[in-house]
1. Among the residues of region A:255-272 satisfying the criterion of being touching a residue at least 60 places away in the same chain (Cβ under 8 Å) and more than 8 Å from chain B (Cβ to nearest Cβ), which is farthest from residue A:102 (Cα to Cα)?
2. Name the residues in region A:199-211 that are at pLDDT below 75 and part of a helix (DSSP H, G or I), would you?
3. Looking only at region B:666-692, count every residue that is outside any helix (DSSP H, G or I) and facing chain A (nearest Cβ under 7 Å) and tell me the total.
4. Check every one of the helices (runs of 4 or more DSSP H) wholly within region A:87-169 and list those with 2 or more residues that are buried (at least 19 other Cβ atoms within 10 Å of the Cβ) and touching a residue at least 24 places away in the same chain (Cβ under 8 Å).
5. Could you please tell me which pairs satisfy a Cβ distance under 8 Å, a separation of 6+ or placement on different chains, a first residue in region B:500-515 that is without any contact (Cβ under 8 Å) to a residue 40 or more places away in the chain and more than 8 Å from every other protein chain (Cβ to nearest Cβ), and a second residue that is surrounded by 19 or more Cβ atoms within 10 Å (Cβ to Cβ) and not in a helix (DSSP H, G or I)?
6. Exactly one of these conditions fails for residue A:387: (1) modelled with pLDDT of 90 or more; (2) in contact with a helix residue (DSSP H, G or I) (Cβ under 7 Å, 6 or more places away or on another chain). Give me its number.
7. Being more than 36 Å from the chain's Cα centre (by Cα), in a helix (DSSP H, G or I) and surrounded by fewer than 15 Cβ atoms within 10 Å (Cβ to Cβ) narrows it down to one residue among B:649, B:608; which is it?
8. Which residues, taken from region B:480-499, are more than 7 Å from chain A (Cβ to nearest Cβ) and over 13 Å from residue B:569 (Cα atoms)?
């Protein structure tokens, strides 16, 4: 799905951004980033980031580096903390590679090995391996989408850190945050969220558009988060529940066939085969639902959250601006440091104006991007559902026919 | 164990009494190995020369044997005489005579030779002259053993008499036996009544109905008897038999009903039971009795054919009657059939749950020992029932509606399984159950906590211990393989059932999670500010809501088509195991009798050595008694073994068919679901495309 999403993002970002800034040439080939390879080593996943560019800043037109997840996060943080980018929606960071669920299941399967037949065990194992592979691919795709969005963004693409990330051949030697930093980070985030709540409660927005947008994003974020959760549950039930019990059913039936002997064996084996095939189809239905539906939802949970952050930053900026106004008033009243205050007020004003304009653009692009992504993925979802349902119906029909012929 | 042994003593008493009267050796031997090689050829000649039984028997020929009968043991005489009186049909005597003589001839030691030879001419003449089926029939029947004698006697007379209702024939029989020794008659009528009742319906089921010509009957029966004999006792005679249209198969089929009366006391069906059937049922029950004898072979053919008759029972309208803990569920039992011995084609009665259990109990009591697989009744569920009992509002709670529906469905399956068995569906209790338009007497034995329940529990524990401790030395390879197969099947079905239960649970979970996603998507669509996307999301919510319904329906299909059928079969396998165990018990009895016989022989030898003549006489009697018992229990064992084989054959056929049906139905349900899903997404697709 990430491939799909990526495509959408490509076209999307291209379309909208070319509309608003003519300064940068947005030809696809200017900066193309993809992850050509990924390697899972124990706990760590190593992504080979491959770049092709025509930008003059880069030494070579094509190169590859090996990056780890932590370095992606570091890159995201650089963007996130950069004041210059406050007016932009920072692409959400890719989620940490998480294969614990798969590992845990594999372990559980190993423990339960005695309770099932070898055939059943092998099928289950295959199933888990497939699942692991799917998770892995998804993780890679998420990381790629992050880089692609950065590369497609007219401002972000020129970022120095991004260049370093793409070009620097050595290990970036980003370490994970130490304890002190972690505590600091935690403290900051608490500070920030209280500030956010405080601002949301006290700060009156001058612009109705943003007021409305804020309300929408809050509600939307909650709704889409819930939907993601439910969709995940649904695909999970489909995959590990229904599809897996088809395995048991299928092997159970074929064993029954063996016991029953010739009268039933052929018949039952056909049914058993059908269940085995139906299981695969059901599994595909589940994973396609996961890809097309859950992942779209999931991505927009994070993107929505990034948009919310943008709104917070703007609101903070507004508060600062108003504070600067107050300071200016006070300075004028006291007739002291008026110039400095005026300057600060002017800066803040400019900043806020600029940010509001950027944010408006970004929010609009967020919306267009979202609608397009949803459209694409919903169509694909429907098509895949249709395809699988038809395949399964045909499968069952064939089986029934074969059974009748007996 | 104990009760299955009860009847034999009864018979032994008979034997004893007779022996006392008469020449013991002759008697015992007659009883023990009733069938002789001689019978068969003779019978056959008779068949060949078969004339019309009704016309042929001239009284004159019938009497010749009488003198010889006088020499003969009382048993035969008494048997014949009454029947003659009762049914005023002469031929009856002769066969009995013939049988007697043959027995003597065949099984008789030298001691009887004189006797036999003297009788022989008379007998032979009697046979040759009338040469009618009826006589053959009787002749053959008695040879088999006492019970069969009685059964045949009961059957044939009625045949001859025409449309004599069963009751009258029973009475007649009673009188017959009245004239005999008191001990005999008490037991015999019961057995007769039983066997005749049992057999009748199955015959009728054939669709041939009552108007079968006597010729046919006679022939069939005689054939059957022969085969029987041949199989049982005389290998040399078998080839001949196979020439007959009736292969050995019918013989084994026939055995069960005959054997039935031998074993445990069949109290419920005794003459007293028949009146119980109430006016409604009685007419139906007795009429069939007439053609009993012919019933047996045809009934068996029926089992395999049975195409042209049907019985279909549906259970509907479950309703709660009463309040609180004393309330109960009543169901409407509707029967549709074209079987002639039911009075109507279509009717319904109301029954409560415990009635179903009571019916099952009765059927088990009557038929288990003869090797029949009795479909198990649905389990009692204390929790489910209590929930319903305490539930103030009917059908408000979905779990209790589920429970009731599940029970209704399983009752329906139970009833149809029982009805599919030719013997069980003709059982008076079964017919009473589906026909009697009134409340049945409350079944008291069904409650888990009743004294009967506790007793049952103890019995079961005892049986289990017995099963575990007694390892039968299996001589029959068929049984060895079958037992193993049943065990494997049991284990596999349990595993499969667990997988199915898992599937049902997961699919339900899928349905629930789909529903909650649908709700969530609906919320999301209302929040979404882009109108086209909002509409599409709304459609998505509706589509998933519909998939939820489909998944839910599919989960029900998983449950009713797969899981429940499999569960039924797990229980049915339990019933099969019960039947197998019944056979083991019979085997044990046989072994026991053999040990006892050996002991008695030893005692006799000792007494002879000691020269104590009085003791020798007594020991002799005992040896004879145990010889009879060994004989009988061996026969019993053979009978149950054959009955089980026959039953298993049927069970296998039905099971294979049921499984095929189940899987086909299930696959069809799956396909319907998929087609519905296709529709759902087909309607959604344009909506998704419409986003702009």
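The values are calculated or read from the model by the stated rules, or taken from the named source; none is laboratory data. Just so we're clear, the structure is a prediction, and the values are computed from it rather than from any experiment. Neighbour counts run over all protein chains shown; Cβ positions are idealised from the backbone, glycine included.
1. Among those that are touching a residue at least 60 places away in the same chain (Cβ under 8 Å) and more than 8 Å from chain B (Cβ to nearest Cβ), it is A:266.
2. Hits for region A:199-211 are A:199, A:200, A:201, A:202.
3. 1
4. Fully inside region A:87-169 and qualifying: A:118-152, A:160-167.
5. none
6. Exception for residue A:387: condition (2).
7. B:608
8. Listed by number, the residues that qualify are B:480, B:481, B:482, B:483, B:484, B:498.
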